[in-house]
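Data first, discussion second: the structure below is written as structure tokens.
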There are 4 protein chains.
Amino acid sequence: MSHNTFGHLFRMTTFGESHGAAIGCVVDGCPPGIKLAASDIQGFLDKRRPGQSRFTTQRQEPDAVKILSGVFEDDRTGGQVTTGTPIMLMIENVDQRSKDYSEIRDKFRPGHADFTYQVKYGLRDYRGGGRSSARETAVRVAAGAVARKVVPAITIRGCLVQMGPHKIDRKNWDWAEVDNNPFFCPDRKTAAFYEEYLDGIRKAGSSCGAVVEVTASGVPAGWGAPVYGKLDQDLAAAMMSINAVKGVEIGAGFAAAGFTGEENADEIRMRHGKPEFLSNNAGGVLGGISSGQDVVVRLAIKPTSSILNPRQTITAQGTETDIVTKGRHDPCVGIRAVPVAEAMMALVLADHFLRHRGQMG
Amino acid sequence: MSHNTFGHLFRMTTFGESHGAAIGCVVDGCPPGIKLAASDIQGFLDKRRPGQSRFTTQRQEPDAVKILSGVFEDDRTGGQVTTGTPIMLMIENVDQRSKDYSEIRDKFRPGHADFTYQVKYGLRDYRGGGRSSARETAVRVAAGAVARKVVPAITIRGCLVQMGPHKIDRKNWDWAEVDNNPFFCPDRKTAAFYEEYLDGIRKAGSSCGAVVEVTASGVPAGWGAPVYGKLDQDLAAAMMSINAVKGVEIGAGFAAAGFTGEENADEIRMRHGKPEFLSNNAGGVLGGISSGQDVVVRLAIKPTSSILNPRQTITAQGTETDIVTKGRHDPCVGIRAVPVAEAMMALVLADHFLRHRGQMG
Amino acid sequence: MSHNTFGHLFRMTTFGESHGAAIGCVVDGCPPGIKLAASDIQGFLDKRRPGQSRFTTQRQEPDAVKILSGVFEDDRTGGQVTTGTPIMLMIENVDQRSKDYSEIRDKFRPGHADFTYQVKYGLRDYRGGGRSSARETAVRVAAGAVARKVVPAITIRGCLVQMGPHKIDRKNWDWAEVDNNPFFCPDRKTAAFYEEYLDGIRKAGSSCGAVVEVTASGVPAGWGAPVYGKLDQDLAAAMMSINAVKGVEIGAGFAAAGFTGEENADEIRMRHGKPEFLSNNAGGVLGGISSGQDVVVRLAIKPTSSILNPRQTITAQGTETDIVTKGRHDPCVGIRAVPVAEAMMALVLADHFLRHRGQMG
Amino acid sequence: MSHNTFGHLFRMTTFGESHGAAIGCVVDGCPPGIKLAASDIQGFLDKRRPGQSRFTTQRQEPDAVKILSGVFEDDRTGGQVTTGTPIMLMIENVDQRSKDYSEIRDKFRPGHADFTYQVKYGLRDYRGGGRSSARETAVRVAAGAVARKVVPAITIRGCLVQMGPHKIDRKNWDWAEVDNNPFFCPDRKTAAFYEEYLDGIRKAGSSCGAVVEVTASGVPAGWGAPVYGKLDQDLAAAMMSINAVKGVEIGAGFAAAGFTGEENADEIRMRHGKPEFLSNNAGGVLGGISSGQDVVVRLAIKPTSSILNPRQTITAQGTETDIVTKGRHDPCVGIRAVPVAEAMMALVLADHFLRHRGQMG
């Protein structure tokens, strides 16, 4: 049981609240002998870091990661490597702005976890959302960076494929464009449109949802397991565990419901002596086991619940009221979900790599 | 780690292949003192049982369940009750038709797990799909019937809301209609259309996908946990673990990606002294914890991979060939997925009930 | 969490009561391609089977095991092999003698689990001890036989080294003697004495305890893990989970408490180019990780609680009374614990083999 | 799977090496609303802290614990309380003396984990033993202090009952004496002897083993579970996971092997309307479930492996050599194992309390 642990053989256990002293995690099960420095992790954290454009929260957090255990600088091995023992990653909280929290202390923000945490635990750390804050996802990104090193032959890439109701044009897809705009969008043209669209949303004090797509290339056929150890089952759990995610699909996903068997079947041919699928409706997973094709997952992210326009709600004491959520919030949390979803993909794959190797050698 | 186990405190471990001697499971963690007879389980199995209409496989399986352990007929307690020890549920396979399996032994059916099982394990029980057969889902239904008894105040209902590309008309929704048609469809009018549509699919030797929706009413606020013990995370895993499922969404799901924050926020009022949400885009889960509203989940099921129209594939030896899958197959596996998805909902809720009680008392 | 599951990557989930329809288990995580027939298991069950000498219970149970899933007879592979899916092992209960259970239904046998089961669950299957019966250990032996096949290079041997207060003379140790007497005793001379001693115990309607020792030879150095994945930690849990076990020790065990550091240190030399330890006080485990030496564990088994001499107890209603436990009981359960302890050793090692391979390749 | 995690519902995940930046743990599953300050934990750490007498290592570590998450100072609740989210406890390493580690870097200390870590991982943090150092046990003590707060009605007390070959005289047992001598010894007379004895050991550059006994009073009947969720199974694992422990016994333990059934049976009478056992050979556990009596466990600790007298060993390169382990070592690690064993008892009981409540309400 693992309310704050993700994974089995490769696993992370996270801790920390939005406005506590620090957030972090213990990564357990990592094979030894892997070169690992904080700088290997920092790059991924920087992608997710807030305050980098006007489209994300203006909270200023350097998100500087420290490795407190599990690595060793041995002059004989030449450089810092993992030792096979737990890797502790810590990120100190810096910009915990001193402010008046009485508004969210006493009122439940609709769409937010305020209500359910209060009902469950009888109290909550309301400062910045406490444990329910998306700040926890920084830790996932850090652990995901370690996971990538466990499966170095796999390329994991994520991007934004829909903002609000507006989908990208897949004909324009270019992975190289992802880092050229503040939305991680692979379609340059649509990215330009998103800039205008999101400025409108932002200025209106509103927010919007998004769809993120993550692809893993180079996953060998055979990872995963039947029935309750399915690779796609674990991907679904991984993605749904990210804040604000309301839907997950693999390959053709919900569109597959509208297909006939003929349309859906990914036919197989031989190419250069190897099996080649003629399509990838399966999203790289058949019967819960990887097929060797790209593993493709999409996740739907709801709009940020914290908006400037007043919504009807109640107080903790049961009085009807309105709430306006000021503060520093992302108008579209889907953007910064891209590196987080990539990290979750990496964590699932590293775990399944070790699980596969355990049973199969 | 649990490749064939689902759940934590309330958990099932399943076994069995399509054409082996039996399928079944061990249900562990069930509280003692609950009345439980095979007849309590049989009704749910009968809903899923094949061969009940021309729209499902004609394999004749009585799916008669036996309880081999974990219950006790004590004359002082008056009737058979659970004892708190593992409950073994067994269903013998009856209609394992003796036939020639050479076609699927040597060729990989596109869209099926044949290829990935062979690559992973180096061999597979190809008879009827072996362990990857949807026959395993009968066991889930049996265990789900026990789970329902653990949370008797909760009403779990599933139905088919889309067949192929055709969605039901939600204005016609009537739960009472679900048992009046062979599709578990709550919209009588659309059900009539489905009959015609699926006959066409069936006669063409084809198949189609579907979308299933499951609702749980009466779930108290407070179940679930933050971060990696989220109720919706476990629901996503539960549903994605069902054969042929390619997508899962909670509440508004993928539609939420197109919403603004104002549209998405489920506003709260007081009604009869209790909090009442004015909408349920959240699908009954906020921050991974139940809100007291109906828990609503939808799953996309791809079309049956076994179709009569020839598809291009390869043999296990790597020779290109075509395959036509004869045999007794459901033209739309989404139909019989309804009782299975209900069962998975029950299993997740029973588990979270015990988990919540463990931490919170 | 796993009240009825043992192991992680290689794991068994057991079910069944002494007087139910059957006992059995699901073995999960077994690598594929291992030859496995019921006959491979039956030999180990026969060693544990009751009624083979006057020194064990006269209950007549053939303990015939059936494999209901997880193996496949493929004409191409030539013989029945594991498929990597769950292996269901079932043993039907045959000799559930119809008798009057009112004595143990209403009275708590001192030293037995009657009292604690009743207090915990509010009811219990009192027939033959129900789930608390040592009959469950037959299932461990069956699963252990599968585990041995996962680590075929390891030789696991158990024996009885103490009966009542009488230890064997280690100078007489001869593994070949173990099967020559009904006590699994490696010391022929002491075995002869045990025969006389236990006849006295048996005729007096009494019972006695024992100490069992199990050795695993051929375990490579490096299995296990630091801190909470220690090999000896898991061995301690495995052995303590066997009915009636009250103590476990590794290597020198409790005697090590009386040693000085000099006496305890297993010094190391090189021999034929390999490290060789000059003693084995460690019992083959250093820092939780195997050293390559024999893994040696001992377990203390208390005397059978069911005896013919009256003991003071109370009824379920709280009335003081006496109890005499008639029925068919082993005068020294430690004897039949030998194959059970061997099985638990095999299960721990198979699990750690896969766990080690998962992390280390 | 949990190489660095202990427990199920109440669980800790530890990290850190002897000479790294910090050691610590994440405590997960703690119920909310429990008052918890660092000062509640510090007292237990101080008991275990090194350098307090000449009989423990002279390493100077303040072992000051910080709580980095999982608690919240809410002016409405009045004081810092747990929130139900993960509690991060961190202890910075202070006295990592800069020294020459070449001796233990290149040579394997007999009886230590040097050899097995090197073989398993191919490298190791040799400074002070790295992850295999007993320094990790400070974290257990910290987490154990939290666990005690989860089961406040239970009194957990540990003591030293044997040093080297010398047992205490149980007739002199007085819990109040435990804090009056540097050995946690409940027998004042024997404690005086131990002082002399251990001085001799220390001056001789040698070390000795010990036996520790821990008792938990106030554990209600009914905790634990049959078969593989046994309370004593988990206690055995807990204690065997402590560095240098080679044996664990419950109640009469190994002595029970020498008993007859009559001697071993803890007879039951009624007293003040409640069941009362006339003896406690069971050590408070019957069939894996607590009986309401004191839970009593004993553990055997081997002598410190690091001694000043030369021992034969080999280098990592396979050359025969001798080793003398200088540095700051406890001559009898069994002494400081007392608070550690108490902590493990607390952790097991807190976990079983929540597990029991989960299934039983």
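Values quoted throughout were computed directly from the atomic coordinates according to the rules given, and no laboratory measurement underlies them. Here the structure is a predicted model, which means the values were calculated and not measured. Cβ coordinates were reconstructed from backbone atoms using ideal geometry, including for glycine residues, and neighbour counts include every protein chain displayed.
Annotations for the structure displayed:
- Selected from A:171, A:326, A:149 as most flexible by GNM, with chain A as the system and alpha-carbon contacts under 10 Å: A:171
- Peptide C:332-341, shielding by other chains (average Cβ, 10 Å cutoff): 0
- Around the Cα centre of segment B:275-341, unit charges on the Cβ atoms of Lys, Arg, Asp and Glu (plus for the first two, minus for the last two) sum to a dipole of about 240 debye.
- For chain C, built as a Gaussian network whose Cα springs stay under 10 Å, the top-fluctuating residue of C:151, C:212, C:295: C:151
- Summed side-chain charge close to residue D:289 - residues other than residue D:289 whose Cβ falls under 13 Å, Lys, Arg +1, Asp, Glu -1: +2
- Over segment C:97-178, relative contact order from alpha-carbon pairs under 8 Å, at least 6 apart, %: 15 percent
- A straight line joining the Cα centroids of segment A:249-284 and segment B:249-287 runs 35 Å.
- Where N is the number of residues in the protein assembly as shown, Cα Rg divided by 2.2 N^0.38 Å: 0.90
- Least to most buried among D:115, D:108, A:277 (fewest other Cβ within 10 Å first): A:277, D:108, D:115
- Chain D - mean residue ellipticity at 222 nm from DSSP helices (-39,500 (n - 2.57) per run, n ≥ 4, rounded to 500): -8500 deg cm²/dmol
- Of the DSSP H helices in chain C, those whose Cα atoms cover at least 15 Å axially and whose Kyte score averages 1.0 or more: none
- Phi angles across segment B:319-324 convert, under the Karplus curve 6.51 cos²θ - 1.76 cosθ + 1.60 with θ = phi - 60°, into 3J(HN,Hα) values of 9, 6, 7, 10, 9, 10 Hz, Gly and Pro given as x.
- Counted charge near residue A:336, where neighbours are those whose Cβ lies closer than 9 Å (Asp, Glu -1; Lys, Arg +1): +2
- Percent RCO, i.e. relative contact order, over chain B, from Cα pairs under 8 Å lying at least 6 residues apart: 22 percent
- Assigned charges on the beta-carbon of Lys, Arg, Asp, Glu; the protein assembly as shown dipole about Cα centre (debye): 0 debye
- Each other residue within a Cβ distance under 14 Å of residue A:241 adds +1 if Lys or Arg and -1 if Asp or Glu, for a net charge of 0.
- With the charge dipole of segment B:58-189 set up from +1 on Lys and Arg Cβ and -1 on Asp and Glu Cβ about the Cα centre, the Cα lying farthest toward the positive end among the listed residues B:60, B:185, B:83 is that of B:185.
- Within a Gaussian network of chain A (alpha carbon springs, distance under 10 Å), most fluctuating of A:321, A:85, A:14: A:321
- Pseudo-label separations to other copies for residue D:101 - Cα-to-Cβ vector, 7 Å, nm: 4.0, 5.6, 6.0
- Take each residue of peptide A:346-354, count the partner chain Cβ atoms within 10 Å of its Cβ, and average: the result is 1.
- For segment A:1-117, alpha-carbon Rg relative to the globular expectation (2.2 N^0.38 Å, N residues): 1.32
- In Å, descending, principal axis extents of the Cα set of chain D: 67, 56, 38
- Residue A:285 long-range amide H proximity, modeled H, under 5 Å: A:291
- Normalised contact order of segment D:260-361, rounded percent, pairs of Cα under 8 Å and 6 or more residues apart: 14 percent
- Amide H contacts under 5 Å for residue B:34, placed H, 5+ residues apart: B:82
- 3J(HN,Hα) along segment D:172-180: 8, 3, 8, 3, 5, 6, 3, 8, 8 Hz, from the Karplus curve 6.51 cos²θ - 1.76 cosθ + 1.60 with θ = phi - 60°, whole Hz, x for Gly and Pro.
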